[in-house]
Amino acid sequence: MPTASLVQARQVAHTYGRGEDAVAVLRSVDLDVAPAERVAITGPSGSGKTTLLRILAGREVPSGGRVVVGGIDLTRIGRRERDAYRREVVGYVWQRPSAGLLAGVSALDNVQVPMLATGGSRERPGIAAQLLEALGLGDELATPPERMTPAQLRRLALAVALANRPPLLLADEVTAGLEWAAGRQLLEDLCRLLDDLGTAALLVGHEARAQRYVHRVVVIRDGVALAGETAW
Ligand code: ADP
Ligand code: MG
């Protein structure tokens, strides 16, 4: 394995359920991501993109294979290490972005929630405001998620995911349902920020929009990861 990799996934397999109900989703996924590299992950609906992201996020233990992120073997760690991993090594944006956000709480406070366990109370509001500004929400610091547009909600979810400056961002369908221009602007702002922070990212989506913002495209098909074709 190249030691320079931030993500090393080897022969990752995942099956949901057992017996007659078993659904084999991932068969043998190999994936390497270097620090600060951006990779688009695409593939048909139901191909296991979200499953792969959840495994890398430390939210699902794969049925087989090995996943090492930032030197941490996700197939071996215990609960406390897993919690720390989720807090500090990866930022995760859910396919339904509001899932990770607190309703009735300002954008500025939402971004500070993940920071509560990592110390530095004095710096928290400043860092949170900077992230929100970088993501185009400088005028919405006091706005709670339920009063945001879908595009603003995605941006807020990204700010929350990046709150602790993780080396890896995992973003599930961040432009889904957005108008083309709004999605492109979001990707542009996000990628500028990722470059500034030196953060690697896996951007999952089933559309072509992300292609020009990434270094590489990987296609998940029939349970394996293929080097991206440029047919999309
Ligand atoms: P994608 O994100 O590419 O659309 P998913 O990873 O969400 O794909 O889902 C892949 C397959 O696994 C689908 O057939 C889906 O129905 C199934 N699946 C996803 N999550 C679960 C679960 N928690 N239990 C059982 N089956 C699931
Ligand atoms: Mg999905």
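Check S5 against each of (1) among the small types (G, A, S); (2) more than 16 Å from ligand 2 (Cβ to nearest atom); (3) over 19 Å from G91 (Cβ atoms); (4) not in a strand (DSSP E or B) and name the one condition it does not meet.
Tallying (1) among the small types (G, A, S); (2) more than 16 Å from ligand 2 (Cβ to nearest atom); (3) over 19 Å from G91 (Cβ atoms); (4) not in a strand (DSSP E or B), S5 fails exactly one: (3).
Could you tell me whether G91 is at pLDDT below 95, within 27 Å of D73 (Cβ to Cβ), small (G, A, S) and crowded, with 16+ Cβ neighbours inside 10 Å?
No, not satisfied.
Quick one: which residue in A36, A22, A13 is touching a Ser or Thr at 6+ places or on another chain (Cβ under 8 Å), within 12 Å of ligand 1 (Cβ to nearest atom) and of a type in the set (G, A, S)?
Answer to the check: A22.
Does R76 qualify as being touching a strand residue (DSSP E or B) at 6+ places or on another chain (Cβ under 8 Å), closer than 28 Å to A22 by Cα, of a type outside the set (V, I, T) and away from ligand 2 (no atom under 16 Å from the Cβ)? Working first, answer last.
Numbers: touching a strand residue (DSSP E or B) at 6+ places or on another chain (Cβ under 8 Å): no; closer than 28 Å to A22 by Cα: yes; of a type outside the set (V, I, T): yes; away from ligand 2 (no atom under 16 Å from the Cβ): yes.
It is false that R76 is touching a strand residue (DSSP E or B) at 6+ places or on another chain (Cβ under 8 Å), closer than 28 Å to A22 by Cα, of a type outside the set (V, I, T) and away from ligand 2 (no atom under 16 Å from the Cβ).
Looking only at strands (runs of 3 or more DSSP E) that lie completely in the range 172-232, which have at least 1 residues being of a type in the set (D, E, K, R)? Step through it out loud before you land on a result.
Working: elements: 200-204, 216-221, 224-227.
Answer list for the range 172-232: 216-221.
I need a count of the residues in the range 34-65 that are at negative phi, away from ligand 2 (no atom under 16 Å from the Cβ) and in contact with a helix residue (DSSP H, G or I) (Cβ under 9 Å, 6 or more places away or on another chain).
Of the residues in that region, 3 qualify.
List the residue pairs whose Cβ atoms are under 7 Å apart, where the first residue sits in the range 67-93 and is within 21 Å of A157 (Cβ to Cβ), the second is open to solvent by 30 Å² or more (accessible area, probe 1.4 Å) and part of a helix (DSSP H, G or I), and the two are 6 or more positions apart or on different chains.
R87/P114; R87/A117; R87/T118; E88/T118
The values are calculated or read from the model by the stated rules, or taken from the named source; none is laboratory data. Keep in mind it's a predicted model, so treat the numbers as computed, not measured. Glycine also receives a Cβ, built like all others from the backbone with ideal geometry; neighbour counts cover every protein chain displayed. Accessible surface is based on the protein model in full, side chains and every heavy atom, while ligands, DNA and RNA are left aside. Shrake-Rupley method; radii C 1.70, N 1.55, O 1.52, S 1.80 Å.
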